[in-house]
Amino acid sequence: MTAAKAVGRLPRDVMRARHGEPSAPTTYLLTRRAHVMTEGRSSEALTWVLSRWARAAESIDPGQLDAWRQRWAPESAALTTDGACPVPDAFTADEVGQLRDFATDGPAVLTLGDGSTRRGTYRDRTPDVTSVRLDQSFVLTQPSVQAMLARGMAAQITAARVGMWPSVHPPILYWSCVTDDGAGPASPELEQRLARRYHSDFDGLGGTRLHVYLTDVDLGSAPMDYVLGSHLPRAIPRSLRSDVTDDIDEAEVRRRFPDTARHTFTGPAGTSFMSDANGLHRGTRPTTTDRLFLVMPIQAGAWAGAYNRVRRMPIVDDGLALALRSRRPDLRLFEAAPQGSSKVAVLAT
């Protein structure tokens, strides 16, 4: 599709957004490009406009919004000023154990040190496996994941920050694995693929992410690094990249931000934190123990999401079943599958 046609579709998507309906992929690309060209200022302005213009599909009852803003005031303030902060544990200890058991034997894609991939499980990995990504369709059927979605903590924190209903995207669950010395250092291409270079992500307007360590994480267990304050408009000049997901050289990061801005998140299994995905961040290479990590993207409203496909899935948690029956807006990208279905279906929008 030409740029002119993509721009021509914007008015239609603007009206759809007012009713809380997802926009087209081309609108995401245009919004992302504007974000880069304006060094984040266009996204800040669009989020502000949509939070005040959208109709009932996006707006939150004022009393409910005030309650969330009071409850999550420290977290919302920290995300606004720093771009990342600790949050209460997203899972109970039992749920962490359940997810770890599932992630050990669940079907996954294994990435090897040479960049190739194969199907398998974490348990049957070989010493040259660098990461193990669990199949999302199986992740979504886990009772602990569904219970977390139903509780909606991350959605509430995002709503308190942006002033409207967010859209929660399916969580990603993967292992970062220690490789033996014989595997050698990872190539620059693989380092980029494994997100081990400083970069930012545009998940949509007001994009935040929930992060959860499901194993104990210390400095040798691939902790995540985040550059505090790098999410703010104009913090990352357009001249440093041609696209919002381009890597930023570490020397440039050190030149532009003080050492105190680079924060490394560590903690025991269950440790949870949230970040503004527009800020610079990276994974690190595990050297002593493997790390099991869950990441869940969230965006403000339904406008310009990176992907807006609906997941229809079998429901095993009563809380999620109730939330879906009530059509809770933050869960608009999830649907209950017909009774008796055992598979997750992806529906185009």
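The values are calculated or read from the model by the stated rules, or taken from the named source; none is laboratory data. Since the structure is predicted, the reported quantities are computational estimates derived from the model, not experimental observations. Cβ sites come from the backbone with ideal geometry, for glycine too, and all protein chains shown count toward neighbours. Calculation scope for accessible area: heavy atoms of the full protein, side chains included, ligands and nucleic acids excluded. Shrake-Rupley method; radii C 1.70, N 1.55, O 1.52, S 1.80 Å.
Put simply, of V139, V162 the only residue that is hydrophobic (A, V, I, L, M, F, W, C), modelled with pLDDT of 95 or more and surrounded by 17 or more Cβ atoms within 10 Å (Cβ to Cβ) is V139. Among the residues of the range 293-314, the ones that are within 22 Å of the chain's Cα centre (by Cα) and farther than 30 Å from P223 by Cβ come to 9 in all. Looking only at residues of the range 280-329 that are in a strand (DSSP E or B) and free of Cβ contacts under 8 Å to residues at least 40 places away in the same chain, we find that the one that is most open to solvent (accessible area, probe 1.4 Å) is R312. Going by the structure shown, is Y174 over 21 Å from Y307 (Cα atoms) and either of a type in the set (S, T, N, Q) or not in a helix (DSSP H, G or I) (or both)? So Y174 fails the test. Taking each residue of the range 253-275 that is farther than 13 Å from S221 by Cα and open to solvent by less than 50 Å² (accessible area, probe 1.4 Å) and looking for partners that are among the polar types (S, T, N, Q) and assigned to a strand (DSSP E or B) with beta-carbon atoms closer than 7 Å, six or more apart or interchain, yields M274/T208; S275/T208. Among the residues making up the range 220-244, those that are touching a strand residue (DSSP E or B) at 6+ places or on another chain (Cβ under 7 Å) and either open to solvent by 40 Å² or more (accessible area, probe 1.4 Å) or in a loop (DSSP other than H, G, I, E, B) (or both) are S221, A222, P223, L228, H231.
Conditions (1) at positive phi; (2) touching a helix residue (DSSP H, G or I) at 6+ places or on another chain (Cβ under 8 Å); (3) charged (D, E, K, R), marked per residue:
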| residue | (1), (2), (3) |
| --- | --- |
| D249 | no, no, yes |
| F265 | no, no, no |
| G283 | no, no, no |
| D290 | no, no, yes |
| A300 | no, yes, no |
| D317 | no, yes, yes |
| L322 | no, yes, no |
| F334 | no, yes, no |
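Against the test of being at pLDDT 80 or above, over 22 Å from M153 (Cα atoms), polar (S, T, N, Q) and surrounded by fewer than 17 Cβ atoms within 10 Å (Cβ to Cβ), the options T80, T38, T2 yield a single qualifying residue, T38. The number of residues in the range 299-324 that are closer than 18 Å to V14 by Cα and of a type in the set (G, A, S) comes to 6.
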